[in-house]
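The values are calculated or read from the model by the stated rules, or taken from the named source; none is laboratory data. What you are looking at is a predicted structure, and each value in this text was computed from that prediction instead of being measured. Every residue, glycine as well, gets a Cβ built from its backbone with ideal geometry; the counts of neighbours run over all protein chains shown. Side chains included, ligands, DNA and RNA excluded: accessible areas come from the protein's heavy atoms. Shrake-Rupley method; radii C 1.70, N 1.55, O 1.52, S 1.80 Å.
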Amino acid sequence: RTGTRLVKRVLRLVAALAAVAFAGLIYLYVTLPDVRPLAKTNPTTTAFMELRAQEAARKGKTLRHLQHWVPYNQISGNLKRAVLVAEDDAFWQHEGVDIEQLKLSIQSDLEQGKGVRGGSTITQQLAKNLYLSPSRNPLRKLRELIIARRLEAELTKTRIFEIYLNVIEWGDGVYGIEAAAETYFHVPASALTPVQSALLAGAIVNPRLLTP
């Protein structure tokens, strides 16, 4: 009889935890941003831009903001290829999440006991830049994965890549490839050479420390 009561308590606890988890997932899903307007409208700001501005304000500084939106067909093919090689060579094949890379990332993190390996696709990086934060909090990562899948469902691959190249950081207050090309090489994004493109792609991993 005691064993039966214990089993019932355990089952009730499991059911309660499952209900809480389900409710949490529903809340998470319905509070995610609507990405559909991005199909035709360029974002005017991002979560990362707002974060950097707030960081500067706390230090009593005004952060410069260099950004000049450029259409996808006016970005050098050299730069596009370099970024894909450096950041996400399976971009055109996956649906927002590279499962194999994600597995390797999780395995590496578990072996090292902390988050040390990247595994984010370009779509995931865009989701993080637009709506989230640099935090490695598991809940933030879950939101990133769901938003990435939403982006892939609502936008073309070309549009995702275009937005990504126009909003990511390339230094303090330098956002997007046109501003980066002008700042570091004094040329438009359309004229970037293979060497310049490789240097810019290499700096993406930590644009606040690495300069092309």
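Laid out as a table, the results:
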{"item": "FRET efficiency for residue 73 and residue 210, using Cβ-Cβ distance with R0 set to 35 Å, rounded to 0.05", "result": "0.80"}
{"item": "Inter-part distance where the stretch 73-89 and the stretch 183-212 are each reduced to a Cα centre, Å", "result": "11"}
{"item": "Solvent accessible area, Å² - residue 95, 1.4 Å probe, full protein context", "result": "120"}
{"item": "Exposure of residue 98 as accessible area (Å², to 10), given a probe of 1.4 Å and all protein chains", "result": "30"}
{"item": "Cα gyration tensor, the stretch 123-181 - rounded (a/c under 1.5), prolate or oblate", "result": "oblate"}
{"item": "Chain lengthening between residue 7 and residue 187 when straightened (0.36 nm per residue, less Cα-Cα)", "result": "57.7 nm"}
